[in-house]
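The values are calculated or read from the model by the stated rules, or taken from the named source; none is laboratory data. Worth saying up front: this structure is predicted, and the values here are computed from it rather than measured.
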Amino acid sequence: MEKPTALAEILEKIDANKALLENRGPLKDVYTEQIDGQYRILNTYTSNAIEGNSFSLLETKLWLEDGVTVEGKTRT
């Protein structure tokens with residue numbers, strides 16, 4: 001019997017977690033909206049960081065959600 005590789009073990013865990021999620025049914029809309037919002041903030045932060053923007057993740061969140069900027073930094 002072959003010893004499972006690290007990749008095989010990871011894939012088994014993924015399959016087990018996927019089955020657990022599928023058994024719970026669809027997410028409520030409020031959770032889907034929260035997840036979408038978090039991905040929007042994270043993707044914006046990552047994209048801006050690649051382009052050299054110095055906003056932190058929190059500053060990006062505040063800018064996107066509330067229009068608040070940090071002193072010395074602009075929205076452009």
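Considering only residues that are modelled with pLDDT of 90 or more and of a type in the set (S, T, N, Q), which ones fall in region 1-51?
Scanning region 1-51 gives Asn17, Asn23, Thr32, Gln34, Gln38, Asn43, Thr44, Thr46, Ser47, Asn48.
Here's the yes/no breakdown for (1) more than 13 Å from the chain's Cα centre (by Cα); (2) assigned to a helix (DSSP H, G or I):
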| residue | (1), (2) |
| --- | --- |
| Leu21 | yes, yes |
| Asp36 | no, yes |
| Leu42 | no, yes |
| Glu59 | yes, yes |
| Leu62 | yes, yes |
| Thr69 | yes, no |
| Gly72 | yes, no |
